[in-house]
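The values are calculated or read from the model by the stated rules, or taken from the named source; none is laboratory data. This one's a predicted model, so the numbers in the text were calculated from it and none came from an experiment. Here the Cβ positions follow ideal geometry from the backbone for every residue, glycine too, while neighbour counts run over all protein chains shown.
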Amino acid sequence: MTPTNTEKTTEAESRRRPLSRLRNSVAAIALLAAAGAGIYFMLEAHETRSAPVAKAAAPAAIPVETAQAQVQDIPIERSGLGFVAPLTAVDVKVRVDGQLQKVHFAEGQDVKAGDVIAHIDPRPYEAAVDQAQAAYAKDLAQLNGAKLDDARAKKLIATGSGTTQSSETAAAQVAILEAAAQGEKAALDTAKLNLSFATVTAPITGRTGLKQAEEGAIVRAGDTTGIVTITQMKPIAVQFTLTQDELPDLIAGQAKGALAVAVNSRDGGKHLADGTLSVVDSQVDTTTGMVKVKAVFPNDDLALWPGELVTARIVLRTDKGATVVPSSAIQNSQTGPYVYVMKPDNTVVATPVKTGPSAANMTAVLDGVSSGDAVVASGQSRLTDGTLVSAKPLAGQTQHLANAEEAIQ
């Protein structure tokens, strides 16, 4: 049966309704999403308008240590590597041959000049003394007889009973025997001297080293080594070198008085002794341009030991009234040395300076800084012109100044 038009219309409308409802649902969801987004952005905009505007953070102050430039006397000193040398050191050798009978010293012992340090077997030399004594006595007896003969010959000539020839012969015999007696006397003195050499004494006051011969050994006067070396320890010297450019100050300083010399350990870390300059060598080494100098030290505490390497510092002169800053304050750039000077507003400015000599961790500033200026002595690595700093006094500045004053004295 064929459907009517009314039925066809009703069927088509029934198929279109679900599609219409679906489109309406999608549109409603889109509308809700748009409304939600609008509300979100409105709230975000409101919060943004309500929030206060943050200000830019102020730069943090850089922590540094500062010190004030001060006026003081500064010693001008030079240093050089040197070595400790005894004023006297003697290798004690025997003066006669024989067996070393007894050693009277211990290694490392302090001895005085004249102390007995060894004995050589004296018996051969005692016998030589006895032999020389006998020969001398024999010659003396013969000389006395010859003198009697000479006296008789002279009496005979006086009475006319003797001859001139006999008298002259007697006188000649006296002269011959006198000469022989003198020779025997010299031989006796030599024998006694050799006997005294069998007792070995210390030629100087000092400290003994290691023994080079043991008891019972045969020692000879021609040996290349002695039985012990004695080294003078007090006072003692230090020899070091300076450049020839220092000669004018050395000579001028010596003319005014003894120049002070301080000695530190080789690495400079420990102070050892204080003394005075004694000698400036008469020549400059043409190969190095250096001049040798020697200083003498009391060494009562034996802080200096012969052969020890040390660093010597000599004060050539003292510059009065110099403006000084801690040496750590001096910075260097391609244009020369400079320091950071702190201004009243706690900012710093890089200031070029002309530096002078240094002593005791202080450096003289000839130009660029005045007494009382606060300079940065620690913490410069983060600074530039205008940097704000938080300053505290340099630790130990007072001690630096004290050290400089001690160096002058």
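List of remarks:
- Every condition in (1) assigned by TED's automatic domain parsing to the domain that holds Leu272; (2) at pLDDT below 90 is met by Tyr40 except one, and the failing one is (1).
- Test: residue in the range 79-89 that is more than 30 Å from Val291 (Cα to Cα) and of a type outside the set (Ser, Thr, Tyr): no
- Count of residues meeting criterion [of a type in the set (S, T, N, Q) and part of a loop (DSSP other than H, G, I, E, B)] in the range 322-339: 2
- Every residue from the range 91-145 that is part of a helix (DSSP H, G or I), surrounded by 13 or more Cβ atoms within 10 Å (Cβ to Cβ) and acidic (Asp, Glu): Glu126, Asp139
- Evaluation of Glu178 against the conditions (1) at pLDDT 90 or above; (2) within 30 Å of Ala303 (Cα to Cα); (3) not hydrophobic (A, V, I, L, M, F, W, C) shows that the sole unmet condition is (2).
- Checking each residue of the range 154-171 against the condition of being modelled with pLDDT of 85 or more, closer than 23 Å to Val129 by Cα, surrounded by fewer than 16 Cβ atoms within 10 Å (Cβ to Cβ) and not aliphatic (A, V, I, L, M) gives no match.
- Number of positions in the range 366-393 that are in contact (Cβ under 8 Å) with a residue 60 or more places away in the chain and within 32 Å of the chain's Cα centre (by Cα): 7
- Sole residue being of a type outside the set (Lys, Arg) and more than 28 Å from Gly80 (Cβ to Cβ), chosen from Asn361, Asn332, Asn346: Asn346
- Of the candidates Thr229, Thr276, the single residue that is of a type outside the set (A, V, I, L, M, F, W, C), in contact with a Leu (Cβ under 9 Å, 6 or more places away or on another chain), over 30 Å from Ile120 (Cα atoms) and in a strand (DSSP E or B) is Thr276.
- The residue of the range 250-279 that is nearest to Val84 (Cα to Cα), among those that are aliphatic (A, V, I, L, M) and surrounded by fewer than 17 Cβ atoms within 10 Å (Cβ to Cβ), is Val279.
- Selection from the range 350-369 of residues that are of a type in the set (Gly, Ala, Ser) and either over 20 Å from Val64 (Cβ atoms) or in a strand (DSSP E or B) (or both): Ala350, Gly356, Ser358, Ala359, Ala360, Ala364
- Test result for Lys192, of a type in the set (Lys, Arg), modelled with pLDDT of 95 or more and surrounded by fewer than 17 Cβ atoms within 10 Å (Cβ to Cβ): yes
Residue by residue, here is whether (1) in contact with a Lys or Arg (Cβ under 9 Å, 6 or more places away or on another chain); (2) touching a residue at least 12 places away in the same chain (Cβ under 8 Å); (3) farther than 21 Å from Val200 by Cα; (4) not small (Gly, Ala, Ser) holds:
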| position | (1), (2), (3), (4) |
| --- | --- |
| Asp91 | no, yes, no, yes |
| Val96 | yes, yes, no, yes |
| Gln101 | no, yes, no, yes |
| His104 | no, yes, no, yes |
| Gln109 | yes, yes, no, yes |
| Asp115 | no, yes, no, yes |
| Ala118 | yes, yes, no, no |
| Asp149 | no, yes, yes, yes |
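- Check on Lys185, basic (Lys, Arg) and outside the structural domain of Val96 (by TED's automatic domain parsing): yes
- Search result, residues across the range 337-368 that are out of contact with any strand residue (DSSP E or B) (no Cβ under 6 Å at 6 or more places or on another chain) and closer than 24 Å to Glu77 by Cα: Ser358, Ala360, Asn361
- Taking the criterion of being basic (Lys, Arg), over 21 Å from Val310 (Cβ atoms) and in contact (Cβ under 8 Å) with a residue 40 or more places away in the chain, the residues of the range 208-257 that qualify are Lys211, Arg220.
- Residues that are more than 19 Å from the chain's Cα centre (by Cα) and within 15 Å of Asp281 (Cα to Cα), drawn from the range 231-249: Gln244, Asp245, Leu247, Pro248, Asp249
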